[in-house]
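The values are calculated or read from the model by the stated rules, or taken from the named source; none is laboratory data. Values in this document were obtained by computation on a predicted structure and should not be read as measured data. Here the Cβ is made from the backbone with ideal geometry for all residues, glycine too, and neighbour counts use every protein chain on show. For accessibility, only protein heavy atoms count, side chains too; no ligands or nucleic acids. Shrake-Rupley method; radii C 1.70, N 1.55, O 1.52, S 1.80 Å.
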Amino acid sequence: MNDCIIVGGGIAGLQAAIQLGRYSAHDILVIDNGSGRSTLCRNYHNILGWPEGISGKELRSLGRQQAESVGVQFANDTVKKAEAKNSSFLLTGESGKEYNAKTILLATGLTDRFPNIPGLVPTLGCTVYVCPDCDGYEVQNRKTVVLGAGKSGADMALLLRDRTDDLTYINHEKTAVDDDLIGQLKNKGIAYVEKTITKVECQGDGMIQGVKLEDGTVISAERGFISFGGNKVHSELAAQLGAELEHNKHVKADPRSKMTNVTNVWIAGDLGVHAEQTTVAMGDGATAAIWIHKALKEMDDAAKT
């Protein structure tokens, strides 16, 4: 039986694994399938120590190496079922393998919803972004397009208006936008286009040049953001274990310890209720790990008496 199983080997899960491994007192397993939001980001620019940026894949690779160096084990699997068994937990993977642990950290994150537009993926995290708090800086005074749908895209465009006055919102899915929002876009000088995007045109290594529309029109751009709404929060395992969810499927947790309402079940990263930033996910992972260590030490002390 593992002392702790971390489900999800993204940024939050890896930071927790490193913290727990460095106690040199616990048997830690990370179960990960190699996917996740961070794998799509070509370049994080807001992380301490990486002024030129670092890709999500490279950060994850380095994090895994660091975790393995302190004794953390990894399993390539997707956990499909989670249940409490007496004073421990039983997880079942897609492979059919069962895993047992005294404590669980769920770092299963979320998946951004975006359509399969040719040319889009190579630009993500390079010149097209998701989070205005992380990367609003990158569009400062640059010709920017927001690729989105309905209210979600309109809200993103309005958020970015303080960064640039050359801004176009393309409602790719032609989802309804109410008159009030249309008025706000107009008043802020944001161009509004309701047409399907057929291609994101880029040059070199992920450098957006513009977007091509269904009528053949090309809107040039130096930078872009996506905001289609309907992101998928991977809280299924948390729900199976009885964790309390917010209305938007993010998992509630104690703000100090990151433990859910279920004893010995913690969460970290985008699964929780926070700003959805890589740096915040790191903090979540480290914080949860510290409290998991405390809980495991109490278990060990109790077993000795």
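No disulfide-compatible partner, judged by a Cβ distance under 4.7 Å, exists for the following cysteines of the chain: C4, C41, C126, C202. Counting only heavy atoms of the protein chains and using a 1.4 Å probe, S88 has close to 20 Å² of accessible surface. Measuring r between the beta carbons of K97 and W50 and using R0 = 41 Å, the FRET efficiency lands at 0.70.
The 1.4 Å probe gives accessible areas that order Y137, Y169, largest first, as Y137, Y169.
Accessible-area rank, largest first, for E68, E98: E98, E68, with all protein chains present and a 1.4 angstrom probe. Across the protein chains, with a 1.4 Å probe defining accessible surface, the residues K81, K143 rank K81, K143 from largest area downward.
Apply the a/c threshold of 1.5 to the C-alpha gyration tensor of the range 172-305 and tell me whether it is rounded, prolate or oblate.
Cα axes put the range 172-305 in the prolate bin.
In this Cβ point-charge picture (+1 for Lys and Arg, -1 for Asp and Glu), the range 120-181 has a dipole of about 240 debye about its Cα centre.
Tally Lys and Arg at +1 and Asp and Glu at -1 over the other residues with C-beta under 15 Å from the C-beta of V79: what net charge comes out? Every neighbour counted, the sum reads -2. Lysine pairs in the range 185-285 whose alpha-carbon atoms fall under 21 angstrom of each other, counting only those eight or more residues apart or on distinct chains, come to 7.
Round to the nearest 0.05 the FRET efficiency obtained for N76 and T217 when R0 = 35 Å and r is the Cβ-Cβ distance.
0.20
In the range 195-235, the inverse of the mean reciprocal separation of distinct Cα atoms equals 11.8 Å; this is its Kirkwood hydrodynamic radius. To the nearest ten degrees, helix 150-160 and the longest principal axis of the Cα atoms of the chain are 90 degrees apart. Extending 7 Å from the Cα toward the beta-carbon at both A191 and L62 defines two label points whose distance is 3.8 nm. Compared with the dominant principal axis of the Cα atoms in the chain, helix 278-304 is inclined by about 10°. For the range 121-227, the alpha carbon convex hull comes to 84 Å³ per residue, rounded to a whole number. The Cα center of the range 34-110 and the Cα center of the range 138-214 differ in position by 33 Å.
The figure for V30 is an accessible area of roughly 0 square angstrom, using a 1.4 Å probe on the protein chains alone. Across the chain, C-alpha contacts under 8 Å between residues 6 or more apart give a mean separation that, scaled by the residue count, equals a relative contact order of 21 percent. Placing +1 on the Cβ of every Lys and Arg and -1 on the Cβ of every Asp and Glu, with no other charges, gives the chain a dipole of roughly 260 debye about its Cα centre. Between the Cα long axis of helix 11-21 and the first principal axis of the chain there is an angle of about 20°, rounded to the nearest 10. With Rh defined as the Kirkwood radius, the inverse of the mean 1/r over Cα pairs, the Rg/Rh of the chain is 1.04.
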